[in-house]
Amino acid sequence: MTALLFARSERRVFGRVLPTLVLSALCLMGGALILLGAVVPAKAVVAQILLNRAFDQSLAEHRPVKPWPWADTAPVARISVARLGVSEIVLSGGTGQAMAFGPTLLAGRPQIVLMAAHRDTHFAFLKDVQRGDLIEIQSVRGEIKRYRMTESQIVQWDRFAYPGNPARPLLGLSTCYPFGATAHGRLRYVAWAEEVSSPMETAPGRQYDW
């Protein structure tokens, strides 16, 4: 009889403690997720501060300077669209790791500069770029070039082709498409802009010494 009462008492205690333990575990998990959600944006903010400092230092020294010692990329330029209030640091390498922190410079062609970035972060502004918008590129060597948006195209990632023998130097900005999608796809949105004359430019057609 005593054993039966003890067993019942144990079950009642366990029944009261179990919900508390479950609730505590859920609270801890929720807190961890909140903390993780706060850490990721914080890392992004710190990274942008370090990238801007590295660009300023690169500009002062006229050579790429790594944003942190173990980085496998470095600033090579700054891209700006005044109408949209956009200013992004362009990184070397063209790798997925570099693209996590900003637009990257891809292998181009004579007369063509090509950059790529993610559609939901650093190149999200491309959905708002219009024909006629001015896009400014400042290299770490102090050269400034201005381009005017002329057209855009949507292509399969493996069907992209450089324009042949452009009449003027071109800037191509590429990102995944459609905007706002979360799944990876085969489509790419490419905005093309032609170099325009400016007193602050170097000689037309001159390639950057990245």
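No value in this document is a laboratory result; all are computed from the given coordinates. Since the model is a prediction, treat every value here as computed from it, not as a measurement. So basically every Cβ, Gly included, is an ideal-geometry build from the backbone, and we count neighbours across all protein chains shown.
In table form, for the structure just shown:
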| quantity | calculated |
| --- | --- |
| Most to least packed among 179-187, 104-112 [average Cβ atoms within 10 Å] | 104-112, 179-187 |
| Loop chymotrypsin sites (Phe, Trp or Tyr not before Pro), segment 54-153, which have at most 13 other Cβ atoms in a 10 Å radius of their Cβ (DSSP) | Trp70 |
| Extension reserve of the Glu194-Thr95 stretch, reckoned as 0.36 nm per residue once the Cα distance is removed | 33.1 nm |
| Spacing of the two label points (7 Å from each Cα toward its C-beta) at Leu84 and Trp70, in nm | 3.3 |
| Tensor-based shape of segment 72-195 (alpha-carbon gyration tensor, a/c under 1.5 rounded, otherwise prolate or oblate) | rounded |
| Distance (nanometres) between label positions extended 7 Å along Cα→Cβ at Glu61 and Ala107 | 2.8 |
| FRET efficiency, 1/(1 + (r/R0)^6) with R0 45 Å, evaluated for Thr182 and Glu143 via beta carbons | 0.75 |
| Surrounding net charge for Asn52, when Lys and Arg each add one and Asp and Glu each subtract one, Cβ distance under 12 Å | 0 |
